Amino acid sequence: MADTDINPAKDEKEQQSDPIQHAMGAFGKWHILTCSTIFLMKFPVAWHQLSIIFLAPSLNFTCANNSIAKCSDECVEYDYDRSIFTETIKTTWNLVCEQEHWANFSQTVFMSGILIGSFLFGTLSDKFGRRSPLVAAVFIQLISGVCTSVSPWFWLFCLCRFITAVATGGTMTTSFVLVMEITGVRWRELILVLYQIPFNLGHLTLAGFAYFIRDWHNLQFALSIPSVVLISYYWLVPESPRWLFAAGRVEEASKQLEKAARANKLPVENIHKDLLALKKLSTDADDHNSKGNILDLFRTPNMRAKTIYICFNWFVCGLTFFGVAQYVGHAGGDIFTNVAISAALELPGTILCIYTMKRFGRKKTLIYANCLAGLSLILIAFLPPSQSLIIVTLASMGIIGMSISFPTVYLYAGELFPTVVRNVGVGTASMVARVGSMIAPFVAGLSSTTHWLPPVIFGVAPLVGALLVLFLPETLGCPLPETLQDGEDFGNKSPVKFQREDSETRSSHLVD
């Protein structure tokens, strides 16, 4: 097993082979300030993605005419129990009985917006840089979020939520790319996990917001208005030096790197000269490098199998994490306590992920986490609805499993796909996860009619995912596959043989 601990000598070697990283350092004061600032963006990401728990909670109601059954065709007006929530989207637009599925539909619309936003802003960030699309997404998120809070019609509410989701997907994509582009290779594993923690805290604080704000209009406004502060990112967040360099803006890239180097107490004298030399080498290399496309993920047997297996596990994460988070809101007992407990348990799960990925590898970590989630959730099916405390406990165990699986599957995918199709591979897998999150509200909503069905669906999916992971190769300590042939060979050959052949191939390229 290769050494995965932070090693200054290895950091220096990696930086020397990457002049851009060498200029700003692998990780220093500048990185800490920049990443800490960007991480704050994950709070509204969590608030908007999970707010449906409190915008459309389960509620008791009767027909206004007590002599008529509440869901009969004759009942046209309802009396709602407002002892917990004074107003929800269900009470505002009578989304009950035959109309109840529209509440779940609004969340599916939101998740589809996340998918589109991730793709749209991913494209925009490649063309216009990371910072400008990021700030634009924040601004759109602010305006559309506030408009959502005052929407007088349900369809306008859905439209505004969709726009908010597109912007939220944009903040997710651009912020993650920016963080990864400024962080040294050996720190990315840790940063990837730490990047998830503000989302966990956002989930936790959501319960606090909802406890003190019981009207959905005011709650939506309160969750949206903090984005005003994030507009300051235009001045606080730097443009990615890598994007500036790739866009041919060498002078600006040099200035940005010099600023980072000074903050990290590194020399700045040779930065501009090194970038000019790198630009010449990059131009020469462009003629020999080929890019892959999405079809290459399925063209050969081994790559096709790995793509299907890892994409299914992304689907599991999207379906189960967001589905169970919403399902907890439908469980009996105090909704605020239930959500707070399940959210609080995500944090140790995410932190534990750092240790387990290093100690046991990506494969075993994903299998164990999926099994923990799957078995915990299936057990819920054997409990009566009255056992709300045990149900919430088991559901929380499921969320712990998913809070480990999500960062793991992200890193695992990045290491499985070869360099020439890594972006398109991870992007495709991420889109599959969004499909899972779009289905999740309808599965969670089944609890109102069939108590045992949602936990069974949410439980079986990660168990199937764990089974498929058995056929994937371990990536811990292995060199990243570079070419499509590397990707096909990776998993067909033993790790030792693959590493030896990879080393020989790289040596021959150096000789050439």
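The values are calculated or read from the model by the stated rules, or taken from the named source; none is laboratory data. Nothing here was measured: the structure is a model prediction, and the numbers come from that model. Cβ atoms come from the backbone with ideal geometry, glycine included; neighbour counts cover every protein chain shown. When the accessible area is computed, the model is the full protein with side chains, heavy atoms only, and any ligands, DNA or RNA have been set aside. Shrake-Rupley method; radii C 1.70, N 1.55, O 1.52, S 1.80 Å.
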Dividing the mean separation of Cα pairs under 8 Å (6+ apart) by the residue count of the chain yields a relative contact order in percent of 19 percent
Just flag the GluC sites (Glu not before Pro) in the stretch 12-105 sitting in loop per DSSP whose Cβ has no more than 13 other Cβ atoms within 10 Å.
-> E74, E77
Using only protein heavy atoms and a 1.4 Å probe, report how much of V237 is accessible, in Å² to the nearest 10.
-> 0 Å²
Which value in deg cm²/dmol, rounded to the nearest 500, describes the helix-derived mean residue ellipticity at 222 nm for the chain, given -39,500 (n - 2.57) per DSSP H run of n ≥ 4 and division by the residue count?
-> -23500 deg cm²/dmol
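Regarding the stretch 415-499, what is the average projected area of its C-alpha convex hull, in nm²?
Numbers: hull surface 25.8 nm².
The number I arrive at for the stretch 415-499 is 6.4 nm².
Charges at C-beta only: +1 for Lys and Arg, -1 for Asp and Glu. How large is the resulting dipole of the stretch 146-251 about its Cα centre, in Debye rounded to 20?
In debye, rounded to 20, the stretch 146-251 gives about 120.
With viscosity set to 1.306 mPa s and temperature to 10 °C, compute the Stokes-Einstein D of the chain, Rh being the Kirkwood radius across alpha carbon pairs; µm²/s, no decimals. Mind showing how you got there, number by number?
Details: Rh = 24.2 Å.
Roughly 66 µm²/s, to the nearest whole number.
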Fraction of alpha-carbon pairs in the stretch 337-442 farther than 24 Å apart, rounded to whole percent, equals 32 percent
Could you work out the mean projected area of the convex hull around the alpha carbons of the stretch 164-231, in square nanometres to one decimal?
-> 5.4 nm²
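May I ask you to rank Y195, Y410 by accessible area, largest first, using a 1.4 Å probe over the protein chains only? Mind showing how you got there, number by number?
Values: Y195 10, Y410 65 Å².
Heavy-atom accessible area, descending, gives Y410, Y195.
Only sites in a loop by DSSP and with at most 16 other Cβ atoms within 10 Å count here; which trypsin sites (Lys or Arg not before Pro) in the stretch 298-355 make the cut? Please list the in-between numbers first.
On the way: sites: R299, R304, K306; in loops: R299.
Passing both the DSSP loop test and the Cβ count: R299.
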In square angstrom, rounded to the nearest 10, how much accessible surface does W452 have for a 1.4 Å probe?
-> 130 Å²
Out of L206, V328, I391, whose Cα points farthest toward the positive end of the dipole of the chain (charges: +1 Lys, Arg; -1 Asp, Glu; placed on Cβ)?
-> L206
Extent along principal axes [Cα atoms of the stretch 402-443; Å; largest to smallest] | 37, 21, 9
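Using only alpha carbon pairs under 8 Å that are at least six residues apart, calculate the relative contact order of the stretch 245-386 and give it in whole percent.
12 percent
For the stretch 284-395, with all protein chains present and a 1.4 Å probe, just round the carbon and sulfur fraction of the accessible area to a whole percent. Please report the intermediate quantities before stating the final value.
Working: 3310 of 4930 Å².
Reported share for carbon and sulfur atoms: 67 percent.
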In Å, descending, principal axis extents of the Cα set of the stretch 166-278 = 60, 26, 26
Reported to the nearest 10 Å², W155 has, with a 1.4 Å probe, an accessible area equal to 150 Å²
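Enter the accessible area per residue of the chain (Å², integer; probe 1.4 Å; all protein chains in place). Intermediate results must be reported in sequence, preceding the final value.
On the way: 22430 Å² over 512 residues.
Per-residue value: 44 Å².
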Across the stretch 361-369, in residue order, what do the Karplus-derived ³J(HN,Hα) couplings come to in whole Hz, using 6.51 cos²θ - 1.76 cosθ + 1.60 with θ = phi - 60° and x for Gly and Pro?
-> x, 6, 5, 5, 4, 5, 5, 4, 5
Rg to Rh, two decimals, where the stretch 223-371 supplies the alpha carbon set and Rh follows Kirkwood = 1.10
Using DSSP to define loop residues, name the trypsin sites (Lys or Arg not before Pro) in the stretch 172-231 whose beta-carbon has at most 16 other beta-carbon atoms within 10 Å.
-> R214
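Taking 2.2 N^0.38 Å as the expected size of a compact globular protein, what ratio does the Cα radius of gyration of the stretch 302-380 give against it, to two decimals?
Numbers: Rg = 14.7 Å, N = 79, 2.2 N^0.38 = 11.6 Å.
With N residues counted in the stretch 302-380, Rg over 2.2 N^0.38 Å equals 1.27.
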